[in-house]
Amino acid sequence: MERDIPTYSLFLLIVFVMIPFTIAYYYQLGLKKDIIWSTVRGTAQLFLIGIILTYLFELEPIVGIPLMLSVMITVATFHARKKGKELPHVFISILLGLITIELIVLAMWLGFGMISFTPEEVIPMSGMVIGNSMVAMGLVLERMKSEFEQSRGKILAALSLGATPSQASHITVRKTLNAALIPNIDQLKTIGLVQLPGMMTGLILGGVSPIVAIKYQLVISISIFSTVSLSAIIISLIMYRYFYNNQMQLLTLEEIKKSS
Amino acid sequence: MSNHLFELSQINKRVVSNVSFTMKEKERLVIFGPSGAGKSTLLHLFNRMEDPDAGVIYYKDKELNTYSIPTLRKEVGLVLQEPHLFPGTVEDNLKFGPSLFDEWSPNQGEKLLGYVNLSKEYLNKDVTELSGGQRQRVSLARTLANNPEVLLLDEPTSSLDEQNIELIEHDLQRLVEEEHVSLVLVTHSMQQAKRLGTTGIYMEEGKIKEHGQMEKLLSDPETEELKQFLQSNSI
């Protein structure tokens, strides 16, 4: 049986929103507008996506799935790009990275018979993979800029000893990847102990048995784990090159901005 | 073939404007002058850490940009103002350069530390355990590990105390005499210029004001600018 939340109780969610709102008001955090706006916006977005998904689920999978995936990847690309606006070709690099990752993960899910090619399964699962990869890529871009700034002296020292940009960036790229992957590894370590993962919670609430819910959760968690690592590596390996010119000279962020 | 090691012709780069001079093999050239004169900028052009906006540089009678960049930087080694050691042990740092060219042999470490007066026990020390002076000496040994023909030094002792300055200068003097490397040293210290240089270039505001034998520059300066600089530095 499909369980539903009555509409009137949904309106009572306003009580939950009042808690942060009251705190913000009392301590004059200057967040009142943000709290109201993000609640309204979030609600509108979710209902909108609900309507779109209902419509998409009725379409032929071969039409609906690529359509929705394209929208998700484009939005994710625009979002992740913000973290590395100064770098050249960042949009296309993220876009191609996300497409590659989605294709790989989709091929594995379908090939190993983990999910079927229906919008109900492909879209939410892909959404989680794309969303997490987007965050990882943004994190890598941000971290990379600060690592290149902080390690400038060491990189110059390596170049002056005859290192190529790839050799000179080794330490920097390693530190960037470390920073991007650690939260991901920690998350996997404590999965199910600290909080029940979202997808599993959703399935259990929807009436699916916990064991089946766990199977799905395992597929998605491991998929996220590997795609996040892959997206971090792809974007690192593409973007570090732009910190150098063709003469193996290290550029500053200002010089990179100018040259792009 | 000339015995010119470097020839710089009408070089422009940032503050450096229209600079031309030649440097012979085995020369110990000191570029000195007040800060902001463009000394470091000029030095970084010698191994293409930067390229000039205008002008040509020749190294051993061939244009600098005809050399492979990693090989050039190996042959014309640069010691930066700050040591910037890589994380790990002293040995990790020493073998960084040679390993890039598959030239590292484990017994090299002790010899390299010998050049900078550090015992072989330092090889396994983590770089975080070193003092400022020791870091700078490891940085020098790290550049020497590449067996350079020319050594570029960018104010190598600017952050050190008198005792460490003396030690490093002593190491350098021994090196140029025993290993016959050519030296280009940038410094704002007149005392150091006098102790280490055979020829000198005095720079101010991106221009060469005087160029000649170090002895002559110090004892008989021609330009008003150098006279004033020497006076203010009490030589």
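Annotations for the structure displayed:
- Checked against the criterion of being closer than 26 Å to A:Val208 by Cβ and surrounded by 10 or more Cβ atoms within 10 Å (Cβ to Cβ), the candidates A:Leu10, A:Leu31 yield just one match: A:Leu10.
- Within segment B:101-119, restricting attention to residues that are open to solvent by 40 Å² or more (accessible area, probe 1.4 Å) and hydrophobic (A, V, I, L, M, F, W, C), the residue that is farthest from B:Leu130 (Cα to Cα) is B:Phe101.
- All strands (runs of 3 or more DSSP E) inside segment B:139-235 with 3 or more residues being in contact with a strand residue (DSSP E or B) (Cβ under 8 Å, 6 or more places away or on another chain) and surrounded by fewer than 18 Cβ atoms within 10 Å (Cβ to Cβ): B:207-213
- Boolean, A:Leu67 is open to solvent by 70 Å² or more (accessible area, probe 1.4 Å), closer than 16 Å to A:Pro124 by Cβ and without any contact (Cβ under 8 Å) to a residue 24 or more places away in the chain: yes
- Filtered by the rule that a residue be open to solvent by 50 Å² or more (accessible area, probe 1.4 Å) and among the basic types (Lys, Arg), segment B:1-24 gives B:Arg14, B:Lys24.
- Among (1) open to solvent by 60 Å² or more (accessible area, probe 1.4 Å); (2) more than 20 Å from the chain's Cα centre (by Cα); (3) touching a residue at least 24 places away in the same chain (Cβ under 8 Å) - the single one A:Thr118 does not satisfy: (1)
- Residues that are among the hydrophobic types (A, V, I, L, M, F, W, C), more than 9 Å from every other protein chain (Cβ to nearest Cβ) and out of contact with any strand residue (DSSP E or B) (no Cβ under 6 Å at 6 or more places or on another chain), drawn from segment B:46-95: B:Val90, B:Leu94
- Selection of segment A:140-153 for residues being open to solvent by less than 70 Å² (accessible area, probe 1.4 Å) and either within 14 Å of another protein chain (Cβ to nearest Cβ) or of a type in the set (A, V, I, L, M, F, W, C) (or both) yields A:Val140, A:Leu141, A:Met144, A:Glu147, A:Phe148, A:Ser151, A:Arg152, A:Gly153.
- Unmet requirement for B:Ser40, which otherwise passes all of (1) polar (S, T, N, Q); (2) over 16 Å from the mean Cα position of the chain (by Cα); (3) over 18 Å from B:Val138 (Cα atoms): (2)
- Search result, residues across segment B:25-62 that are surrounded by fewer than 19 Cβ atoms within 10 Å (Cβ to Cβ) and under 16 Å from B:Ser9 (Cβ atoms): B:Asp51, B:Asp53, B:Ala54, B:Gly55, B:Val56, B:Ile57, B:Tyr58, B:Lys60, B:Asp61, B:Lys62
The values are calculated or read from the model by the stated rules, or taken from the named source; none is laboratory data. Small disclaimer: the values here were computed from a predicted structure and weren't measured. As a convention, Cβ positions derive from the backbone with ideal geometry for all residues, glycine included, and neighbour counts pool all protein chains shown. With ligands, DNA and RNA removed, areas are computed over all heavy atoms of the protein, side chains included. Shrake-Rupley method; radii C 1.70, N 1.55, O 1.52, S 1.80 Å.
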